Amino acid sequence: MGSYVVRRLLQALVVFVGVTMLIYGAVFLLPGDPIRALSPNRPLPPNVVAQLRHQFDLDAPIWQQYLNYVGNVVRGNLGTDFFGRPVLGLMKERWPVTLRLAATAWFFEIVLGVGLGVWAALRRGRVADYTILGAGIAIISIPAFVLAFTAQLLLGVQAGVFPVAGTQDGWPMSYVLPGFILGAFGLASVSRLVRSTMAENLQADYIRTAHAKGASPARIVLRHALRNSLIPAVTYLALDLGTLLGGTVIVEGIFNLPGVGQLLFSGIQQQNGPVIVGVSTTLVLIFLLLNLVVDLLYAVLDPRIRLD
C-alpha cells in the first residue's frame, strides 16, 4: 500500500509539472504585451514598462519564469496580479461562492444521479427506466448555456421561484438553480452509469446466492448490488468535483455569481496572466488530489482490489 501511494504521488508530480508548464507557456507566450495593456489609452513611459516587466519576471527567459513561479507555489505564494493584488487573496474572497455552487451541484449529482440510476435499474425495461434514460440523453444533448438561460427565464423571470442572479438571497436559494444547471450533465451521466452497472450486478451469481440464503430485498440491493455498482460512479463523482470547480465560468457568468470562475474569466479579458495561471494551478492541484483519493477508495469499496 505504501509503495502504491508513493508511485501515485510521483505520477501526480509529473502530471502537475507537465500541465502547469503548458498553462504557463500558453498564457505568457501569447502575442501582446500585458504590461502595455494596463494603460491602453495612455502609453506608459518606457522606464515604467521596463520596471514592471522586471517586477513580474517578464524580462527573463520563459523557463526561468516558470521555475520562479513553481518555487513560489511550493512556498504557498501564487504571486500578485498586474494591479498589485495578491492572487491568493483574490481567490480567498471568491472561493466560498464557488465551493457552495460546486457542492450544491455535487449534491444533485450524488442524490438524484445515484437515486435515479438505482430506480431505473430496479425498473429495467419499464416506463420509469425509459423515461430516466430519455431525460438523461436530452440533458446531455443541450448545451449548458442554453439550459441555464432557459431555466433562468422560466423559473426565475416568469415563475419567480428562484433568484435570477446574484447571491443576495444566500444559500440555498441563490445556488439551487445554478447548482442544478452546473450538475445537470454529471447527474445524467451518473444515473446512466449506476443504472447500467446496477442492472448487470443484479443478474450476477452472488445476488442469486443472496436470494437463495433468504436475504431481504433491501439488503440485497443496498449491501450487495449497490456497493459494487458504486465503484465506477465514485470514480466519476470524485473526478467530476474537480470539473465542477473548474467549470463554473459559464454558470457564474450567467447568474452573476462572484466566484473563482468569474475571476478566471475577468483575468482572461484583462490579459491578467498571474490570475489565469494561479487559478488554473489551484484547480490542477485539486483535480490531482481527488484523483489520488479515488484510487485509495477503490480498496474500501471492493476488497477484491489489491493495491500492492
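The values are calculated or read from the model by the stated rules, or taken from the named source; none is laboratory data. Keep in mind that this is a model prediction, so the values were computed, not measured. FYI the Cβ positions are ideal-geometry reconstructions off the backbone, even for glycines, and counts take in every protein chain you see. Please note that ligands, DNA and RNA were not included when accessible areas were found on the heavy atoms of the full protein model with its side chains. Shrake-Rupley method; radii C 1.70, N 1.55, O 1.52, S 1.80 Å.
Comparing LEU154, LEU101, LEU289 in a Gaussian network model of the chain where C-alpha atoms under 10 Å apart are linked, the largest mean-square fluctuation is found at LEU154. Where in region 80-118 does the amide nitrogen come within less than 14 Å of the point 7 Å from the Cα of ASP169, taken along Cα to Cβ? Zone members listed by number: none at all. Accessible area per residue for region 234-287 is 34 Å², calculated with a 1.4 Å probe on protein heavy atoms, without ligands, DNA or RNA. The mean sequence separation of alpha-carbon pairs under 8 Å and at least six residues apart, normalised by the residue count of the chain, gives a relative contact order of 27 percent. Residues in region 173-188 carry Karplus couplings, in order, of 4, 6, 10, 4, 5, x, x, 5, 5, 5, x, 4, 5, x, 4, 5 Hz; the curve used is 6.51 cos²θ - 1.76 cosθ + 1.60 with θ = phi - 60°, and Gly or Pro positions show x. Once both labels are positioned 7 Å from their Cα atoms along Cα-to-Cβ, the gap between LEU154 and ASN68 label points is 5.3 nm.
Across the alpha-carbon atoms of region 43-183, the computed radius of gyration and Dmax are 23.3, 74 angstrom.
The orientation-averaged projected area of the convex hull spanned by the Cα atoms of region 245-300 comes to 4.4 nm². Grouping the Cα pair distances of the chain into 10 Å bins from zero gives a pair-distance distribution of 5, 21, 26, 23, 15, 6, 2, 1, 0 percent in increasing distance order.
Across the options PRO232, VAL279, VAL164, the greatest Cα extent toward the positive end of the charge dipole of the chain (unit charges at beta carbon of Lys, Arg, Asp, Glu) belongs to PRO232. Here ALA135 and GLU200 are evaluated by their C-beta separation; at R0 = 25 Å the FRET efficiency comes out at 0.70. For region 126-134, 3J(HN,Hα) computed residue by residue from phi via the Karplus equation (6.51, -1.76, 1.60; θ = phi - 60°) reads 9, 4, 4, 4, 5, 5, 5, 5, x Hz, glycine and proline entered as x.
Close amide H partners of THR80, meaning residues 5 or more places away or on another chain with modelled amide H under 5 Å apart, are VAL87. Per residue, region 141-231 exposes 53 Å² of solvent-accessible protein surface, assessed with a 1.4 angstrom probe and all protein chains in place.
Can you work out D for region 138-254 in µm² s⁻¹ from Stokes-Einstein, where Rh is the Kirkwood radius over C-alpha pairs, the temperature is 25 °C and the viscosity is 0.890 mPa s? My calculation gives 147 µm²/s for D. Karplus-based coupling profile of region 150-162, in residue order and whole Hz: 5, 5, 5, 6, 6, 8, x, 6, 7, 7, x, 6, 10, with θ = phi - 60° in 6.51 cos²θ - 1.76 cosθ + 1.60 and x standing for Gly or Pro. Shown is the FRET efficiency for ARG85 and ILE268, computed with R0 = 25 Å from the Cβ-Cβ distance and rounded to the nearest 0.05: 0.95. Taking 0.36 nm per residue of sequence separation and removing the Cα-Cα distance, the LEU9/ALA103 pair yields an extension gain of 31.2 nm.
The fraction of accessible area contributed by carbon and sulfur in the chain is 67 percent, rounded to a whole number (1.4 Å probe; ligands and nucleic acids excluded).
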